[in-house]
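Some notes on the structure that comes next.
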Amino acid sequence: MLLNKLENFLQNASFLTLFLTTVFYWIYAAFYVETNVKTKKIAFDTINQPFFLLELAKNIILPKYFIAISNILLALLLLVRWEKSGHFPLSNLYESLMFLSWCSTFLFLIYSTSFTLIVDKILGSIIAPSALFMNAFASFSLPKEMQVSAPLVPALQSNWLMMHVTVMIISYATLIMGSLLAISFLILNILLNRSFITNQPNSMFKNILLNLDSLSYRIIGLGFPFLTIGILSGAVWANEAWGSYWSWDPKETWALLTWLVFAIYLHSRLTKGWQGKKPAIIASLGFLVVWFCYLGVNLIGEGLHSYGFLN
């Protein structure tokens, strides 16, 4: 009973902190005007802006505190689920979404140490609501019976559960973050080319585009090995559980398609020397493929990987 109450508290608290993180990052994005990367000083347009919003926006550390608190709350929630169920909390869609939300916030905190302030603003304004969406979908949209931790089916009663599923979800979170940077690059590039942005020097936005492109490449380059290891470990586990390394199950097929999309992305950058728009388009396609591989296949509810999710 105590664990149930604690789990419910952590679920609601993580949702609230992610909501506040989203609000603060959006305020930071809306009222931010100029960044001096060398001195880390922030300039704000103080005309016709509510005082309290301005003060919140000036404190750019505040959203970082809230996203760190959200990360801790999500970690505690997963630990409580682990204690309740007696197995690693990745056996159903609810736990999977919560773990993906935790991975997204954790990786953002790690990667943000190399972000400039404006890239931090852009990606934080995207990652925070993304993690909030995952949390809200798991907490409020999934039926209650899908949120309850249940005993593992025989095929999942293996040490490979922690190895394979954890690595796959880390790869999803990393690839999603890198793809979001690529999508941000495309949007900003379109706005710049169509002269929607005219009140700042072009050199400033060109530097931002270079940063987005470089960080997208580096983050996807980190996520791709995780995806590769996840697929290989899944094949070994499949052979133990089902007697075959590969069955062309919908999940396996889409995982392979995801791998191929990002392999093409990295190949185009490493061997063809592509930069900027072309690889960003490939990464944007990868964003859609990753989400369908992770969530869409499970919503279909077919194949060997459907248990524990919708069936």
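What follows is calculated from the coordinates using simple rules that are stated; it is not laboratory data. All values derive from a computational prediction rather than experimental measurement. All Cβ positions, glycine included, derive from the backbone under ideal geometry; neighbour counts span all protein chains shown.
Determine, from the Cβ-Cβ distance of residue 277 and residue 240 and an R0 of 51 Å, the FRET efficiency 1/(1 + (r/R0)^6), rounded to the nearest 0.05. After rounding, the FRET efficiency stands at 0.70.
A convex hull fitted to the Cα coordinates of the range 59-150 yields 83 cubic angstrom per residue. Sites listed here are chymotrypsin sites (Phe, Trp or Tyr not before Pro) in the range 72-170 whose DSSP assignment is loop and whose Cβ has at most 16 other Cβ atoms within 10 Å, and the list is empty. If R0 is taken as 35 Å, the Cβ-Cβ distance between residue 2 and residue 218 corresponds to a FRET efficiency of 0.20.
Summarising the label geometry, the points placed 7 Å from Cα in the beta-carbon direction at residue 228 and residue 263 lie 1.0 nm from one another. Extending 7 Å from Cα along the Cβ direction at residue 29 and again at residue 207 yields two label points whose distance is 2.2 nm.
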